[in-house]
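Engineer: This is the structure I want to talk about, given as structure tokens.
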Ligand SMILES: C[S@@+](CC[C@H](N)C(=O)[O-])C[C@H]1O[C@@H](n2cnc3c(N)ncnc32)[C@H](O)[C@@H]1O
């Protein structure tokens, strides 16, 4: 269950009549406990309580439903119960159906409320559902609640009005939703004069059977589009006249409203009863856009970009600088004024803005700084000089663009209330401006200069109206002489395999003649390239969140050679980090943040350490791999240019599927008398190597073919291979191999032993899972192999140095490394090794193998699970690292950044030397 679903379940429980005996089970069920778990608790087998009538779920919660008026005493009983301590519960909870009290034993936080309100505290208990982003969710508890309620209403309305669910009418439905959100916000914030004016009007005026709810709402919408002076002649109903004139195109156009069922009406009244003052426009926008989006509805916006992550982009891009200027200005009125003027001319532009969260955060942070200036200058109530229209965006989806505008309007109002007081905020809020500054469209085909024109040119913006979905063209003047523009955002990543043909064409067009290989690029590259082109014409800096794959493997040289050629450099970067958000399915995405500039300013490299703290390091240059060092590109090398042993792909079967066996087939074959057991050999690809569970294969030399044919099973299998190859008439290799159906295409085997290196392996391991196998092992082409290589080569592959090198220069697939011999092994910079170095490394490799052996039959997967890695194995690796790293710098490296810096330095030397020798 995700947080929205839990909120829904908890709210439903709170609405039901209280049943003392059932409550603990229903409560746990609402937090996602399975019926089997509840059954065990109910039967008492897993109930660890020592308090009569209570339910204790180990490590989680101790619940007691008490007699009326005895809730405090019951909580005390739970607190003092030895079982609470012994079973390490996190929460204690007591309720009598009227009062509700709970405590987090670990943090000491408490909840004390009426029973009917306990659902408001669902965030308090989220760890019961194994949700780890509890803090984040608790901060957005209102937004989650509002989203879940609106979602229910939306789904009900679509069901009741199937014609509104069609593609053609979805914009109307979305527009209706935006109007509702505005009304809910307005009625709770005095924008509508009477409290709850909207919800109360619907409740009082529309019939309880919901037959005319749509008409009442429609009349309210109509009123809000008509100036007060014209209302008489437009026959606005008396109750409609209480609503203000809103304008801003939000209520213009059709006022048609979907018909309501009784359930939908009650949902609407329920949503209206929430306190919409608490809305976070940055978070809510991202969540609510999911309600209207079929694809996203499942996760209900849980993958929104968190505020700390947005600030990782905006702070280094320009907010840190503004704050620094503010601090430097101290109380100097002139300097403060200059800073305020500067801010009034700053534009923030997000060309994939979604519901505008980057823009909203940027706006809110700038208002905070402006307020400090005003306070220092004694101008506390001064109107803001930061125009909302300086926060510009492009967004493909109409509803998201609409929500972005709404979110910015709400943010402006909230900032006005915060910094200038409710009275002044209200005085200037309505009517809304009719300007449009968030454009619905495709950022890769639109001209960014028309959306966000360069300073001082007086260009007029062509765009659609503020809230009208049809693209009526409106113009707004944009006078921004001397201003700076900051481009930011989190554009769609989309790897090459998932791009549509249209998207591929868009990329090709943007890069034009500058790159012929755009097919290998992620879609996000288009935003980088367009931003660079924009930078060439304007005073602007850029920072995007991006998949880290644009800084790895083959994409690096394709993208960055073009960018660097435009004299644009990386101003700051966050090296790869896990993009945590509230959507469980999305938790694995690894991203980078990359800032670009044409200025000669300091460069800062950020990283996130094991304690999740941000570390910043100033460096001279950041290269395309996001490593301090010169701008270079690692190119594939066909062979190592030092002592390293050649690494090759395993044996390709080439349609010899019938020669491969699972363990049962292999065992059965071995029992056949006429088969020499040496014909059946263990077969390792990446997975088999990591799980230590080989498949098997029939491995015959040409001489053994005749013998094999004497067995019917073997004969049949070999004949199948012949047929499979023969059927590939257009494949020349397959045709050549028809006469060798008894074997794989490749025939590489070891005399003594071999090293197997998985191609795909999880990036979560601290070391790459190389393994040593006996000479009978056959390596499949889904892994790399080194046959009879000196063992010190294993010490290199198993080192932390090699792991970080591979993680940086090879491609990653989602959260997996994809090893490459030409890009990762042959290029791995290695100082000249002495005989003694090789002997020492042979010893450390042996120690790693011995440590693994001690844990037999644990597999590589077991042993290298970062949470469970045995201490002696970790020590053996640390020893290996120490010996190897001393060869590089005479001591152990401090961290991975230092490792990479050294490796890149060596690579530069290595390649310049090669060039000189050529
Ligand atoms: C990863 S989301 C980021 C949105 C928002 N900043 C957030 O954090 O939720 C990317 C956004 O880009 C939009 N998008 C996708 N392709 C686009 C295109 N070609 N032009 C403009 N926007 C696009 C998507 O609709 C989505 O809202």
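The values are calculated or read from the model by the stated rules, or taken from the named source; none is laboratory data. Given the structure is predicted, the values throughout are model-derived calculations rather than measurements. With ideal geometry, Cβ positions are generated from the backbone for all residues, glycine too; neighbour counts draw on all protein chains shown.
Engineer: Which condition number in (1) crowded, with 22+ Cβ neighbours inside 10 Å; (2) without any contact (Cβ under 8 Å) to a residue 40 or more places away in the chain; (3) under 17 Å from residue 90 (Cβ atoms) is the one that residue 66 fails?
Structural biologist: (3)
Engineer: Another question about this same structure. Looking at the stretch 270-279, can you tell me whether even one residue there is in contact with a strand residue (DSSP E or B) (Cβ under 6 Å, 6 or more places away or on another chain) and either assigned by TED's automatic domain parsing to the domain that holds residue 178 or within 16 Å of the ligand (Cβ to nearest atom) (or both)?
Structural biologist: For the stretch 270-279, residues in contact with a strand residue (DSSP E or B) (Cβ under 6 Å, 6 or more places away or on another chain) and either assigned by TED's automatic domain parsing to the domain that holds residue 178 or within 16 Å of the ligand (Cβ to nearest atom) (or both): absent.
Engineer: Does residue 867 satisfy being within 36 Å of the chain's Cα centre (by Cα) and in a helix (DSSP H, G or I)?
Structural biologist: Here the answer is no, as residue 867 does not meet what is asked.
Engineer: Can you tell me which residue among 149, 170 is touching a residue at least 40 places away in the same chain (Cβ under 8 Å) and surrounded by 19 or more Cβ atoms within 10 Å (Cβ to Cβ)?
Structural biologist: One residue alone meets the criteria, 149.
Engineer: So, one more: Can you find a residue that is modelled with pLDDT under 90 and within 16 Å of the ligand (Cβ to nearest atom) anywhere in the stretch 308-328?
Structural biologist: For the stretch 308-328, residues modelled with pLDDT under 90 and within 16 Å of the ligand (Cβ to nearest atom): present.
Engineer: Filter the stretch 194-210 down to the residues that are in a loop (DSSP other than H, G, I, E, B) and surrounded by 14 or more Cβ atoms within 10 Å (Cβ to Cβ), then identify the one that is farthest from the chain's Cα centre (by Cα).
Structural biologist: Taking the candidates together, the pick is 206.
Engineer: While we're looking at this one, here's another question. Of all the strands (runs of 3 or more DSSP E) wholly in the stretch 748-830, which have at least 3 residues that are at pLDDT below 95?
Structural biologist: Here the list reads 760-762, 816-818.
Engineer: For the stretch 358-373, how many residues are more than 13 Å from residue 340 (Cβ to Cβ) and in contact with a strand residue (DSSP E or B) (Cβ under 9 Å, 6 or more places away or on another chain)?
Structural biologist: Matching residues across the stretch 358-373 total 5.
Engineer: Could you tell me which numbered condition residue 620 fails, if it satisfies all but one of (1) farther than 26 Å from residue 884 by Cβ; (2) modelled with pLDDT of 95 or more?
Structural biologist: With (1) farther than 26 Å from residue 884 by Cβ; (2) modelled with pLDDT of 95 or more applied to residue 620, the lone miss is (2).
Engineer: Sort through 853, 847 and tell me the only one that's part of a helix (DSSP H, G or I), free of Cβ contacts under 8 Å to residues at least 40 places away in the same chain, closer than 26 Å to residue 688 by Cβ and touching a helix residue (DSSP H, G or I) at 6+ places or on another chain (Cβ under 6 Å).
Structural biologist: 847
Engineer: Residues of the stretch 725-744 being touching a helix residue (DSSP H, G or I) at 6+ places or on another chain (Cβ under 6 Å) and in a loop (DSSP other than H, G, I, E, B), which ones?
Structural biologist: 728, 741, 742
Engineer: Listed residues 359, 396; which is within 29 Å of residue 524 (Cβ to Cβ), modelled with pLDDT of 95 or more and within 16 Å of the ligand (Cβ to nearest atom)?
Structural biologist: 359
Engineer: What are the residues in the stretch 508-529 that are assigned to a helix (DSSP H, G or I) and under 23 Å from the mean Cα position of the chain (by Cα), if any?
Structural biologist: Across the stretch 508-529, the qualifying residues are 520, 525, 526, 527, 528, 529.
Engineer: Which of (1) touching a helix residue (DSSP H, G or I) at 6+ places or on another chain (Cβ under 9 Å); (2) modelled with pLDDT of 95 or more; (3) more than 24 Å from residue 278 (Cα to Cα) is the odd one out, the single condition residue 208 does not satisfy?
Structural biologist: (2)
Engineer: Select from the stretch 679-703 the residues that are in a helix (DSSP H, G or I) and without any contact (Cβ under 8 Å) to a residue 60 or more places away in the chain and write down the one among them that is nearest to residue 714 (Cα to Cα).
Structural biologist: 679
Engineer: Of these, 776, 766, 746, which one is farther than 18 Å from residue 821 by Cβ, in contact (Cβ under 8 Å) with a residue 40 or more places away in the chain and touching a strand residue (DSSP E or B) at 6+ places or on another chain (Cβ under 9 Å)?
Structural biologist: 776
Engineer: A follow-up question, please. Only one of these conditions is not met by residue 254: (1) more than 16 Å from the ligand (Cβ to nearest atom); (2) at pLDDT below 75. Which number is it?
Structural biologist: Residue 254 satisfies every listed condition except (2).
Engineer: Of all residues being in a helix (DSSP H, G or I) and either within 9 Å of the ligand (Cβ to nearest atom) or in contact with a helix residue (DSSP H, G or I) (Cβ under 7 Å, 6 or more places away or on another chain) (or both) in the stretch 488-507, which is nearest to residue 595 (Cα to Cα)? Just the residue, please.
Structural biologist: Restricting to residues being in a helix (DSSP H, G or I) and either within 9 Å of the ligand (Cβ to nearest atom) or in contact with a helix residue (DSSP H, G or I) (Cβ under 7 Å, 6 or more places away or on another chain) (or both), the top hit is 507.
Engineer: Additional query: Tell me whether the stretch 337-347 contains one or more residues that are within 16 Å of the ligand (Cβ to nearest atom), in contact with a strand residue (DSSP E or B) (Cβ under 8 Å, 6 or more places away or on another chain) and not assigned by TED's automatic domain parsing to the domain that holds residue 544.
Structural biologist: No, the stretch 337-347 contains no residue that is within 16 Å of the ligand (Cβ to nearest atom), in contact with a strand residue (DSSP E or B) (Cβ under 8 Å, 6 or more places away or on another chain) and not assigned by TED's automatic domain parsing to the domain that holds residue 544.
Engineer: Can you tell which of 532, 545 is within 16 Å of the ligand (Cβ to nearest atom) and either in a loop (DSSP other than H, G, I, E, B) or surrounded by 18 or more Cβ atoms within 10 Å (Cβ to Cβ) (or both)?
Structural biologist: Going through 532, 545 in turn, just one is within 16 Å of the ligand (Cβ to nearest atom) and either in a loop (DSSP other than H, G, I, E, B) or surrounded by 18 or more Cβ atoms within 10 Å (Cβ to Cβ) (or both): 545.
Engineer: Which of the residues belonging to the stretch 430-449 are more than 13 Å from the ligand (Cβ to nearest atom) and closer than 21 Å to residue 362 by Cβ?
Structural biologist: Within the stretch 430-449, 432, 433, 435, 436, 437, 449 meet the criteria.
Engineer: On to the next question. Of the conditions (1) within 16 Å of the ligand (Cβ to nearest atom); (2) closer than 17 Å to residue 250 by Cα, residue 409 clears all except one; give me its number.
Structural biologist: Residue 409 satisfies all of (1) within 16 Å of the ligand (Cβ to nearest atom); (2) closer than 17 Å to residue 250 by Cα except (1).
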